[in-house]
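The structure appears below as C-alpha coordinates.
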Amino acid sequence: MQDEHLPLWLPRLAAHRGPRFLQIADALQAAVVEGLLKPGDRLPPQRQLAAQLDVDLTTVTRAYDEARRRNLLEGRGARGTYVAAPKVEFTSVLDLSMNTPPPPDGVDFDDMLQQGLSQVLMGADNDLLMTYHLGGGSDADRKAGARWLAPMYGQLDARQVVVCPGAQAAIAASILALTQPGDVILAEPVTYPGLRAAATQFGRHVIAVAADKHGMVPDMLEEACRRHKPGLVYLNPTLQNPTTVTMPERRRKELAGIARRCNVRIVEDDPYWLLAEAPPPPIATFAPERVVYVSTLSKCLTPGLRVAFVLVRDLHERERFLAALRSFALMVAPLTAALATQWILDGSADGLLEGVRKEARLRHRMARDILAGRYGGAGDGLHVWIELPAYWTSAQLARAAEGEGIAVTPAEAFATGAGSVNAIRISLGSIKDRGGLRAGLQRLSQLLAGRPESFSAAVV
(Lines give C-alpha, C1' and ligand atoms only; values in the text may rest on other atoms or scores of the structure.)
Protein backbone atom coordinates (compact mmCIF):
# COMPACT_ATOMS: atom_id res chain seq x y z
CA MET A 1 0.00 0.00 0.00
CA GLN A 2 1.38 3.41 -0.93
CA ASP A 3 2.16 5.92 1.83
CA GLU A 4 -0.59 8.52 2.32
CA HIS A 5 2.06 11.23 2.75
CA LEU A 6 3.72 11.05 -0.63
CA PRO A 7 5.44 14.11 -2.11
CA LEU A 8 2.89 16.34 -3.86
CA TRP A 9 4.61 15.87 -7.21
CA LEU A 10 4.38 12.09 -7.21
CA PRO A 11 1.15 10.42 -8.44
CA ARG A 12 0.01 6.99 -7.36
CA LEU A 13 1.57 4.23 -9.39
CA ALA A 14 -0.69 2.07 -11.50
CA ALA A 15 0.03 -1.26 -13.21
CA HIS A 16 -1.63 -0.23 -16.47
CA ARG A 17 0.53 2.89 -16.99
CA GLY A 18 3.75 1.17 -17.98
CA PRO A 19 6.99 0.42 -16.10
CA ARG A 20 7.00 1.95 -12.63
CA PHE A 21 10.44 3.50 -12.97
CA LEU A 22 9.20 5.43 -16.03
CA GLN A 23 6.06 6.55 -14.15
CA ILE A 24 8.29 8.02 -11.45
CA ALA A 25 10.60 9.70 -13.97
CA ASP A 26 7.61 11.09 -15.91
CA ALA A 27 6.14 12.47 -12.69
CA LEU A 28 9.46 14.16 -11.91
CA GLN A 29 9.55 15.73 -15.35
CA ALA A 30 5.94 16.95 -15.10
CA ALA A 31 6.63 18.46 -11.68
CA VAL A 32 9.65 20.36 -13.02
CA VAL A 33 7.66 21.67 -15.99
CA GLU A 34 4.74 22.73 -13.77
CA GLY A 35 6.98 24.35 -11.16
CA LEU A 36 6.15 21.96 -8.33
CA LEU A 37 9.85 21.15 -8.23
CA LYS A 38 12.40 23.91 -8.76
CA PRO A 39 16.16 23.87 -9.46
CA GLY A 40 17.98 23.17 -6.20
CA ASP A 41 15.11 21.25 -4.53
CA ARG A 42 16.37 18.14 -2.75
CA LEU A 43 14.80 14.81 -3.70
CA PRO A 44 13.97 12.15 -1.09
CA PRO A 45 16.69 9.54 -0.56
CA GLN A 46 16.09 6.55 -2.79
CA ARG A 47 15.44 4.08 0.05
CA GLN A 48 12.93 6.44 1.64
CA LEU A 49 11.04 6.94 -1.63
CA ALA A 50 11.09 3.19 -2.33
CA ALA A 51 9.51 2.56 1.10
CA GLN A 52 6.90 5.27 0.55
CA LEU A 53 5.93 3.83 -2.83
CA ASP A 54 6.19 0.20 -1.74
CA VAL A 55 8.56 -0.64 -4.60
CA ASP A 56 12.04 -2.12 -4.58
CA LEU A 57 15.10 0.09 -4.43
CA THR A 58 16.14 -0.85 -7.99
CA THR A 59 12.95 0.71 -9.36
CA VAL A 60 13.70 4.05 -7.74
CA THR A 61 17.38 3.87 -8.77
CA ARG A 62 16.34 3.32 -12.40
CA ALA A 63 13.82 6.18 -12.14
CA TYR A 64 16.49 8.58 -10.84
CA ASP A 65 18.93 7.39 -13.53
CA GLU A 66 16.32 8.04 -16.21
CA ALA A 67 15.63 11.50 -14.76
CA ARG A 68 19.37 12.26 -14.85
CA ARG A 69 19.46 11.13 -18.49
CA ARG A 70 16.74 13.71 -19.16
CA ASN A 71 18.90 16.35 -17.40
CA LEU A 72 16.32 16.74 -14.63
CA LEU A 73 18.48 15.71 -11.66
CA GLU A 74 22.05 16.01 -10.48
CA GLY A 75 23.85 14.13 -7.74
CA ARG A 76 25.87 16.01 -5.12
CA GLY A 77 27.65 13.12 -3.45
CA ALA A 78 26.74 12.54 0.19
CA ARG A 79 24.46 15.57 0.17
CA GLY A 80 21.91 13.76 -1.99
CA THR A 81 20.10 14.27 -5.28
CA TYR A 82 18.75 17.65 -6.41
CA VAL A 83 16.66 19.10 -9.21
CA ALA A 84 19.12 20.32 -11.85
CA ALA A 85 19.23 23.82 -13.27
CA PRO A 86 18.06 24.00 -16.90
CA LYS A 87 20.86 23.38 -19.38
CA VAL A 88 21.58 26.30 -21.67
CA GLU A 89 21.09 25.41 -25.33
CA PHE A 90 23.92 26.95 -27.30
CA THR A 91 22.52 25.85 -30.64
CA SER A 92 19.08 25.32 -32.10
CA VAL A 93 20.26 23.57 -35.25
CA LEU A 94 17.98 20.75 -36.35
CA ASP A 95 20.32 18.19 -37.89
CA LEU A 96 18.86 16.53 -40.99
CA SER A 97 22.30 15.77 -42.39
CA MET A 98 23.55 12.66 -40.58
CA ASN A 99 22.28 9.17 -41.49
CA THR A 100 21.72 7.52 -38.12
CA PRO A 101 18.98 5.15 -36.96
CA PRO A 102 16.09 6.89 -35.17
CA PRO A 103 15.65 6.06 -31.48
CA PRO A 104 12.88 3.44 -31.42
CA ASP A 105 9.79 4.05 -29.34
CA GLY A 106 9.36 1.68 -26.40
CA VAL A 107 12.95 0.40 -26.37
CA ASP A 108 14.82 1.15 -23.14
CA PHE A 109 18.24 1.49 -24.73
CA ASP A 110 20.02 2.33 -21.46
CA ASP A 111 18.69 -0.84 -19.85
CA MET A 112 19.54 -2.88 -22.95
CA LEU A 113 23.10 -1.54 -22.87
CA GLN A 114 23.54 -2.22 -19.17
CA GLN A 115 22.15 -5.74 -19.41
CA GLY A 116 24.18 -6.54 -22.53
CA LEU A 117 27.44 -5.41 -20.97
CA SER A 118 26.60 -7.22 -17.75
CA GLN A 119 26.05 -10.47 -19.68
CA VAL A 120 29.30 -9.96 -21.60
CA LEU A 121 31.31 -9.39 -18.43
CA MET A 122 29.74 -12.35 -16.64
CA GLY A 123 30.18 -14.76 -19.52
CA ALA A 124 33.47 -13.74 -21.11
CA ASP A 125 37.10 -14.18 -20.19
CA ASN A 126 38.01 -10.59 -19.34
CA ASP A 127 41.58 -11.17 -20.47
CA LEU A 128 40.25 -11.92 -23.96
CA LEU A 129 38.27 -8.68 -23.93
CA MET A 130 41.46 -6.73 -23.36
CA THR A 131 43.81 -8.31 -25.89
CA TYR A 132 44.40 -8.45 -29.64
CA HIS A 133 42.06 -10.34 -31.99
CA LEU A 134 43.81 -10.41 -35.35
CA GLY A 135 41.77 -13.04 -37.19
CA GLY A 136 38.83 -10.87 -38.14
CA GLY A 137 36.94 -11.50 -34.93
CA SER A 138 36.62 -14.32 -32.42
CA ASP A 139 34.82 -17.53 -33.32
CA ALA A 140 31.76 -16.29 -31.42
CA ASP A 141 31.85 -12.94 -33.22
CA ARG A 142 32.02 -14.60 -36.63
CA LYS A 143 29.14 -16.92 -35.71
CA ALA A 144 27.12 -13.88 -34.69
CA GLY A 145 28.01 -12.32 -38.04
CA ALA A 146 26.77 -15.41 -39.86
CA ARG A 147 23.50 -15.17 -37.94
CA TRP A 148 23.19 -11.44 -38.75
CA LEU A 149 23.63 -12.25 -42.44
CA ALA A 150 21.19 -15.18 -42.37
CA PRO A 151 18.18 -13.15 -43.63
CA MET A 152 20.19 -12.36 -46.78
CA TYR A 153 21.98 -15.70 -47.27
CA GLY A 154 20.52 -18.42 -45.08
CA GLN A 155 23.05 -20.66 -43.36
CA LEU A 156 26.64 -19.51 -43.84
CA ASP A 157 30.08 -20.83 -43.04
CA ALA A 158 31.15 -18.46 -40.25
CA ARG A 159 34.77 -18.80 -41.34
CA GLN A 160 33.92 -16.72 -44.44
CA VAL A 161 32.80 -13.79 -42.26
CA VAL A 162 35.24 -11.07 -41.23
CA VAL A 163 34.40 -8.72 -38.35
CA CYS A 164 35.43 -5.12 -39.09
CA PRO A 165 35.37 -1.84 -37.14
CA GLY A 166 32.60 -0.36 -39.30
CA ALA A 167 31.71 -0.25 -42.99
CA GLN A 168 34.16 2.54 -43.81
CA ALA A 169 37.04 0.37 -42.62
CA ALA A 170 35.67 -2.53 -44.67
CA ILE A 171 35.49 -0.39 -47.82
CA ALA A 172 39.01 0.95 -47.27
CA ALA A 173 40.39 -2.56 -46.67
CA SER A 174 38.67 -3.78 -49.87
CA ILE A 175 40.30 -1.00 -51.88
CA LEU A 176 43.74 -1.79 -50.47
CA ALA A 177 43.36 -5.55 -50.88
CA LEU A 178 41.83 -5.69 -54.35
CA THR A 179 43.30 -2.72 -56.24
CA GLN A 180 46.62 -1.08 -56.98
CA PRO A 181 47.62 2.63 -56.84
CA GLY A 182 46.30 4.37 -59.93
CA ASP A 183 43.48 1.86 -60.46
CA VAL A 184 39.96 2.95 -61.37
CA ILE A 185 36.93 2.30 -59.15
CA LEU A 186 33.55 2.53 -60.86
CA ALA A 187 30.54 3.89 -58.98
CA GLU A 188 27.22 5.56 -59.64
CA PRO A 189 27.16 9.34 -60.37
CA VAL A 190 26.08 10.09 -56.82
CA THR A 191 27.20 7.71 -54.11
CA TYR A 192 28.45 7.33 -50.54
CA PRO A 193 31.09 10.04 -49.88
CA GLY A 194 33.27 7.67 -47.84
CA LEU A 195 34.15 5.77 -51.01
CA ARG A 196 35.63 8.84 -52.65
CA ALA A 197 37.46 9.83 -49.46
CA ALA A 198 39.14 6.42 -49.13
CA ALA A 199 39.93 6.16 -52.85
CA THR A 200 41.56 9.58 -52.86
CA GLN A 201 43.72 8.77 -49.83
CA PHE A 202 44.91 5.55 -51.46
CA GLY A 203 45.64 7.05 -54.88
CA ARG A 204 42.73 5.41 -56.73
CA HIS A 205 40.37 7.19 -59.14
CA VAL A 206 36.58 7.03 -58.88
CA ILE A 207 34.79 7.24 -62.24
CA ALA A 208 31.02 7.56 -62.56
CA VAL A 209 28.88 5.10 -64.52
CA ALA A 210 25.42 6.27 -65.58
CA ALA A 211 22.45 5.21 -63.49
CA ASP A 212 18.70 5.22 -64.10
CA LYS A 213 15.69 4.69 -61.84
CA HIS A 214 16.86 1.10 -61.21
CA GLY A 215 20.49 1.89 -60.43
CA MET A 216 23.70 1.49 -62.43
CA VAL A 217 22.98 0.87 -66.14
CA PRO A 218 24.36 -2.54 -67.24
CA ASP A 219 25.42 -1.50 -70.76
CA MET A 220 27.24 1.51 -69.35
CA LEU A 221 29.01 -0.65 -66.77
CA GLU A 222 30.18 -3.14 -69.37
CA GLU A 223 31.48 -0.36 -71.60
CA ALA A 224 33.27 1.30 -68.63
CA CYS A 225 34.85 -2.04 -67.64
CA ARG A 226 36.27 -2.51 -71.11
CA ARG A 227 37.49 1.07 -71.35
CA HIS A 228 38.98 1.57 -67.85
CA LYS A 229 39.86 -1.98 -66.69
CA PRO A 230 38.69 -1.10 -63.17
CA GLY A 231 40.02 -2.68 -60.02
CA LEU A 232 36.59 -2.51 -58.33
CA VAL A 233 32.96 -1.62 -58.85
CA TYR A 234 31.27 -0.08 -55.81
CA LEU A 235 27.50 -0.55 -55.42
CA ASN A 236 24.99 0.31 -52.71
CA PRO A 237 21.96 -1.44 -54.21
CA THR A 238 19.37 -1.26 -51.42
CA LEU A 239 17.91 2.14 -50.46
CA GLN A 240 20.93 3.68 -52.13
CA ASN A 241 22.67 6.52 -50.34
CA PRO A 242 21.66 9.18 -51.30
CA THR A 243 18.99 8.48 -53.96
CA THR A 244 16.98 5.84 -51.99
CA VAL A 245 16.81 3.64 -55.14
CA THR A 246 16.51 -0.10 -54.49
CA MET A 247 17.89 -2.03 -57.43
CA PRO A 248 15.45 -4.72 -58.66
CA GLU A 249 16.50 -8.36 -58.80
CA ARG A 250 16.84 -8.45 -62.59
CA ARG A 251 19.27 -5.52 -62.55
CA ARG A 252 21.31 -7.18 -59.80
CA LYS A 253 21.61 -10.36 -61.88
CA GLU A 254 22.69 -8.34 -64.93
CA LEU A 255 25.44 -6.54 -63.01
CA ALA A 256 26.62 -9.81 -61.45
CA GLY A 257 26.89 -11.30 -64.94
CA ILE A 258 28.97 -8.38 -66.14
CA ALA A 259 31.31 -8.76 -63.15
CA ARG A 260 31.90 -12.35 -64.23
CA ARG A 261 32.39 -11.58 -67.92
CA CYS A 262 34.72 -8.63 -67.25
CA ASN A 263 36.58 -10.33 -64.38
CA VAL A 264 36.00 -7.42 -62.00
CA ARG A 265 35.27 -7.41 -58.26
CA ILE A 266 32.21 -5.72 -56.75
CA VAL A 267 32.10 -4.24 -53.27
CA GLU A 268 28.43 -4.46 -52.28
CA ASP A 269 27.91 -2.00 -49.46
CA ASP A 270 24.46 -2.92 -48.12
CA PRO A 271 23.80 -1.12 -44.81
CA TYR A 272 20.05 -0.72 -45.28
CA TRP A 273 18.99 -4.19 -46.51
CA LEU A 274 17.49 -5.15 -43.16
CA LEU A 275 15.52 -1.88 -43.01
CA ALA A 276 13.94 -2.29 -46.44
CA GLU A 277 10.53 -3.78 -47.17
CA ALA A 278 11.06 -7.11 -48.99
CA PRO A 279 14.39 -6.24 -50.68
CA PRO A 280 15.73 -8.45 -53.49
CA PRO A 281 18.58 -10.88 -52.75
CA PRO A 282 22.03 -9.27 -52.56
CA ILE A 283 24.13 -9.14 -55.73
CA ALA A 284 26.56 -11.45 -53.94
CA THR A 285 24.04 -14.29 -54.15
CA PHE A 286 24.31 -14.18 -57.97
CA ALA A 287 28.12 -13.99 -58.20
CA PRO A 288 29.50 -15.04 -54.80
CA GLU A 289 33.07 -15.38 -56.09
CA ARG A 290 33.03 -11.83 -57.50
CA VAL A 291 31.51 -9.87 -54.60
CA VAL A 292 32.69 -8.64 -51.22
CA TYR A 293 29.54 -8.05 -49.18
CA VAL A 294 29.46 -5.49 -46.34
CA SER A 295 26.71 -5.21 -43.71
CA THR A 296 27.13 -2.75 -40.85
CA LEU A 297 25.27 -2.53 -37.53
CA SER A 298 25.69 1.25 -37.38
CA LYS A 299 22.74 2.01 -39.68
CA CYS A 300 20.35 -0.63 -38.33
CA LEU A 301 21.04 -0.52 -34.59
CA THR A 302 23.26 2.32 -33.35
CA PRO A 303 26.35 4.19 -34.64
CA GLY A 304 28.16 3.44 -31.39
CA LEU A 305 28.48 -0.20 -32.46
CA ARG A 306 31.40 0.20 -34.86
CA VAL A 307 30.93 -3.32 -36.15
CA ALA A 308 30.46 -4.50 -39.72
CA PHE A 309 30.30 -8.05 -41.00
CA VAL A 310 32.05 -8.68 -44.31
CA LEU A 311 31.44 -11.80 -46.37
CA VAL A 312 34.53 -12.77 -48.36
CA ARG A 313 34.11 -16.22 -49.87
CA ASP A 314 37.60 -16.78 -51.28
CA LEU A 315 40.21 -17.77 -48.67
CA HIS A 316 43.12 -15.98 -50.39
CA GLU A 317 41.10 -12.78 -50.84
CA ARG A 318 40.06 -13.01 -47.20
CA GLU A 319 43.69 -13.16 -46.11
CA ARG A 320 44.54 -10.15 -48.30
CA PHE A 321 41.56 -8.30 -46.88
CA LEU A 322 42.68 -9.01 -43.30
CA ALA A 323 46.25 -7.92 -44.06
CA ALA A 324 44.94 -4.66 -45.51
CA LEU A 325 42.65 -4.10 -42.53
CA ARG A 326 45.48 -4.63 -40.05
CA SER A 327 47.55 -1.94 -41.77
CA PHE A 328 45.27 0.82 -40.48
CA ALA A 329 42.55 -0.52 -38.17
CA LEU A 330 43.96 -3.78 -36.78
CA MET A 331 40.67 -5.03 -35.32
CA VAL A 332 37.31 -4.22 -33.76
CA ALA A 333 37.56 -3.30 -30.09
CA PRO A 334 36.87 -6.71 -28.47
CA LEU A 335 34.43 -5.31 -25.91
CA THR A 336 32.36 -3.65 -28.66
CA ALA A 337 32.39 -6.82 -30.75
CA ALA A 338 31.39 -8.89 -27.72
CA LEU A 339 28.43 -6.59 -27.01
CA ALA A 340 27.29 -6.86 -30.64
CA THR A 341 27.64 -10.63 -30.44
CA GLN A 342 25.69 -10.78 -27.18
CA TRP A 343 22.83 -8.73 -28.61
CA ILE A 344 22.66 -10.80 -31.80
CA LEU A 345 22.76 -14.15 -30.03
CA ASP A 346 20.28 -13.27 -27.25
CA GLY A 347 17.78 -11.63 -29.61
CA SER A 348 18.20 -8.05 -28.36
CA ALA A 349 19.47 -6.95 -31.77
CA ASP A 350 16.30 -8.26 -33.44
CA GLY A 351 14.13 -6.28 -31.04
CA LEU A 352 16.12 -3.10 -31.55
CA LEU A 353 16.13 -3.58 -35.32
CA GLU A 354 12.35 -4.00 -35.41
CA GLY A 355 11.95 -0.85 -33.30
CA VAL A 356 14.20 1.11 -35.68
CA ARG A 357 12.21 -0.20 -38.67
CA LYS A 358 8.89 0.91 -37.19
CA GLU A 359 10.18 4.33 -36.16
CA ALA A 360 11.83 4.92 -39.54
CA ARG A 361 8.62 4.11 -41.40
CA LEU A 362 6.60 6.37 -39.14
CA ARG A 363 9.07 9.19 -39.84
CA HIS A 364 8.85 8.58 -43.58
CA ARG A 365 5.07 8.97 -43.38
CA MET A 366 5.59 12.24 -41.54
CA ALA A 367 8.04 13.45 -44.21
CA ARG A 368 5.68 12.42 -47.02
CA ASP A 369 2.83 14.39 -45.43
CA ILE A 370 4.85 17.53 -44.74
CA LEU A 371 6.96 17.65 -47.90
CA ALA A 372 4.05 16.58 -50.12
CA GLY A 373 5.13 16.57 -53.77
CA ARG A 374 8.80 17.13 -52.87
CA TYR A 375 9.13 13.86 -50.95
CA GLY A 376 11.55 11.48 -52.68
CA GLY A 377 11.79 8.43 -50.47
CA ALA A 378 11.01 4.75 -50.48
CA GLY A 379 8.93 4.71 -47.30
CA ASP A 380 11.67 3.00 -45.29
CA GLY A 381 15.36 3.42 -44.56
CA LEU A 382 16.94 6.46 -43.00
CA HIS A 383 16.91 9.22 -45.63
CA VAL A 384 14.98 11.13 -48.30
CA TRP A 385 16.32 12.50 -51.60
CA ILE A 386 14.70 15.78 -52.62
CA GLU A 387 15.13 17.01 -56.18
CA LEU A 388 14.93 20.79 -56.12
CA PRO A 389 12.94 23.23 -58.23
CA ALA A 390 15.00 25.04 -60.86
CA TYR A 391 15.05 28.30 -58.90
CA TRP A 392 17.11 26.67 -56.12
CA THR A 393 20.58 25.14 -56.42
CA SER A 394 21.48 22.55 -53.83
CA ALA A 395 24.26 24.77 -52.45
CA GLN A 396 21.85 27.72 -52.14
CA LEU A 397 19.23 25.61 -50.44
CA ALA A 398 21.76 24.17 -47.98
CA ARG A 399 22.93 27.70 -47.05
CA ALA A 400 19.37 28.98 -46.70
CA ALA A 401 18.50 25.98 -44.55
CA GLU A 402 21.51 26.69 -42.34
CA GLY A 403 20.20 30.22 -41.93
CA GLU A 404 16.92 28.73 -40.73
CA GLY A 405 18.70 26.46 -38.24
CA ILE A 406 18.53 23.28 -40.31
CA ALA A 407 21.44 21.13 -41.51
CA VAL A 408 20.96 19.24 -44.80
CA THR A 409 23.41 17.63 -47.24
CA PRO A 410 23.65 19.01 -50.80
CA ALA A 411 24.07 16.71 -53.80
CA GLU A 412 27.66 17.89 -54.35
CA ALA A 413 28.75 15.89 -51.28
CA PHE A 414 27.83 12.67 -53.10
CA ALA A 415 29.03 13.47 -56.64
CA THR A 416 31.59 11.14 -58.24
CA GLY A 417 31.81 13.09 -61.52
CA ALA A 418 31.79 16.64 -62.79
CA GLY A 419 28.01 16.83 -63.11
CA SER A 420 25.53 16.45 -60.29
CA VAL A 421 21.78 16.40 -59.91
CA ASN A 422 20.17 19.38 -58.23
CA ALA A 423 19.05 17.80 -54.99
CA ILE A 424 19.60 17.49 -51.26
CA ARG A 425 19.54 14.52 -48.91
CA ILE A 426 17.75 14.76 -45.61
CA SER A 427 18.11 12.18 -42.86
CA LEU A 428 15.16 11.30 -40.66
CA GLY A 429 16.86 9.63 -37.70
CA SER A 430 19.38 12.15 -36.43
CA ILE A 431 16.83 14.32 -34.59
CA LYS A 432 15.94 12.36 -31.50
CA ASP A 433 12.35 13.42 -30.91
CA ARG A 434 9.55 13.47 -33.45
CA GLY A 435 8.51 16.99 -32.50
CA GLY A 436 11.94 18.33 -33.44
CA LEU A 437 11.86 16.38 -36.69
CA ARG A 438 8.42 17.75 -37.54
CA ALA A 439 9.63 21.30 -36.87
CA GLY A 440 12.67 20.78 -39.12
CA LEU A 441 10.60 19.31 -41.95
CA GLN A 442 8.09 22.14 -41.72
CA ARG A 443 10.83 24.77 -41.92
CA LEU A 444 12.33 22.95 -44.88
CA SER A 445 8.95 22.75 -46.61
CA GLN A 446 8.56 26.51 -46.25
CA LEU A 447 12.00 27.02 -47.76
CA LEU A 448 11.20 24.83 -50.73
CA ALA A 449 7.99 26.74 -51.34
CA GLY A 450 9.86 30.06 -51.49
CA ARG A 451 12.59 31.41 -53.74
CA PRO A 452 16.22 32.30 -52.97
CA GLU A 453 15.54 36.02 -53.06
CA SER A 454 13.21 35.56 -50.08
CA PHE A 455 16.20 34.32 -48.08
CA SER A 456 18.88 36.49 -49.66
CA ALA A 457 20.82 36.99 -46.44
CA ALA A 458 21.44 33.27 -46.17
CA VAL A 459 22.26 32.45 -49.78
CA VAL A 460 24.75 35.14 -50.84
Regression test value, accessible area per residue of the chain, probe 1.4 Å, units Å², expected 46 Å²
DSSP beta bridges in the chain: the antiparallel percent, rounded to 5, is 60 percent
Vicinal HN-Hα couplings computed from phi for region 43-53 (Karplus, 6.51 cos²θ - 1.76 cosθ + 1.60; Hz; Gly/Pro x) = 8, x, x, 4, 5, 5, 5, 4, 5, 4, 8
The answer for the net charge of residues other than GLY166 whose Cβ lies under 11 angstrom from its Cβ, with Lys and Arg +1 and Asp and Glu -1, is +2
Assuming R0 = 35 Å, can you tell me the calculated FRET efficiency for the pair TRP9 and LYS358, based on Cβ-Cβ distance, to the nearest 0.05?
-> 0.60
Sorted by chain and number, the residues with a modelled amide H under 5 Å from that of ALA211, at a separation of 5 or more or across chains, are VAL217
Each residue of region 357-374 in order: what ³J(HN,Hα) in whole Hz does its phi give by Karplus 6.51 cos²θ - 1.76 cosθ + 1.60, θ = phi - 60°, with x for Gly and Pro?
-> 4, 4, 5, 4, 5, 4, 5, 5, 4, 4, 4, 4, 5, 7, 8, 6, x, 8
Listed by chain and number, the residues whose amide H is under 5 Å from that of VAL233, excluding neighbours fewer than 5 places away on the same chain and using placed H, are LEU186, ARG265, ILE266, VAL267
Given the Cα-Cα distance of LEU315 and TYR391 and 0.36 nm per residue of separation, how much length would full extension add, in nm?
-> 22.0 nm
Determine Rg/Rh for the chain; Rg is computed over alpha-carbon atoms and Rh is the Kirkwood hydrodynamic estimate from the same atoms.
-> 1.02
What list of ³J(HN,Hα) couplings, whole Hz, do you get for region 177-184 from phi and the Karplus terms 6.51, -1.76, 1.60, once you set θ to phi - 60° and write x for glycine and proline?
-> 7, 10, 9, 10, x, x, 5, 9
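Could you order the peptides 310-316, 250-256 from most to least packed, using the average number of other C-beta atoms within 10 Å per residue?
My ranking of the peptides, most packed first, is 250-256, 310-316.
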Rounded percent of accessible protein surface that carbon and sulfur make up, the chain, 1.4 Å probe = 52 percent
With only alpha-carbon atoms counted, please give the Rg and Dmax of region 82-183, in Å.
-> 19.9, 62
Could you pull out every residue, at least 5 positions away or on a different chain, whose amide H is within less than 5 Å of the one on VAL206? Hs are placed 1.01 Å off N in the peptide plane, and Pro or chain starts have none.
-> ILE185
Okay, helix-only estimate at 222 nm for the chain: each DSSP H run of n ≥ 4 adds -39500 (n - 2.57), divide by all residues, round to 500 deg cm²/dmol; what do you get?
-> -13000 deg cm²/dmol
Here P(r) for region 153-276, Cα-Cα distances in 5 Å bins, as whole percents, is 2, 10, 21, 23, 22, 14, 6, 1
Quick one: how many Å² of LEU444 are accessible to a 1.4 Å probe, rounded to 10?
-> 0 Å²
Counting every Cα pair in region 43-132, what percent are over 17 Å apart?
-> 70 percent
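If you look for lysine pairs in the chain that are eight or more places apart or on different chains, how many of them have Cα atoms under 22 Å apart? Please list the in-between numbers first.
Values: LYS38/LYS87; LYS87/LYS432; LYS143/LYS299; LYS213/LYS253; LYS229/LYS253; LYS299/LYS358; LYS299/LYS432; LYS358/LYS432.
Pairs that pass both the separation and distance tests number 8.
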With an 8 Å cut-off on Cα pairs and a minimum separation of 6 or more residues, tell me the relative contact order of the chain in percent.
-> 19 percent
Along each of the three principal axes of the Cα atoms of region 358-460, give the extent in whole Å, ordering the values from largest to smallest.
-> 39, 30, 22
Would you calculate the separation in nanometres between label points at ARG79 and TYR132, each defined as 7 Å from the Cα along the Cα-to-beta-carbon direction?
-> 4.9 nm
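The values are calculated or read from the model by the stated rules, or taken from the named source; none is laboratory data. As the structure is a prediction and not an experimental result, all values here were calculated from the model. Cβ atoms come from the backbone with ideal geometry, glycine included; neighbour counts cover every protein chain shown. Heavy atoms of the whole protein, side chains included, go into the accessibility calculation; ligands, DNA and RNA do not. Shrake-Rupley method; radii C 1.70, N 1.55, O 1.52, S 1.80 Å.
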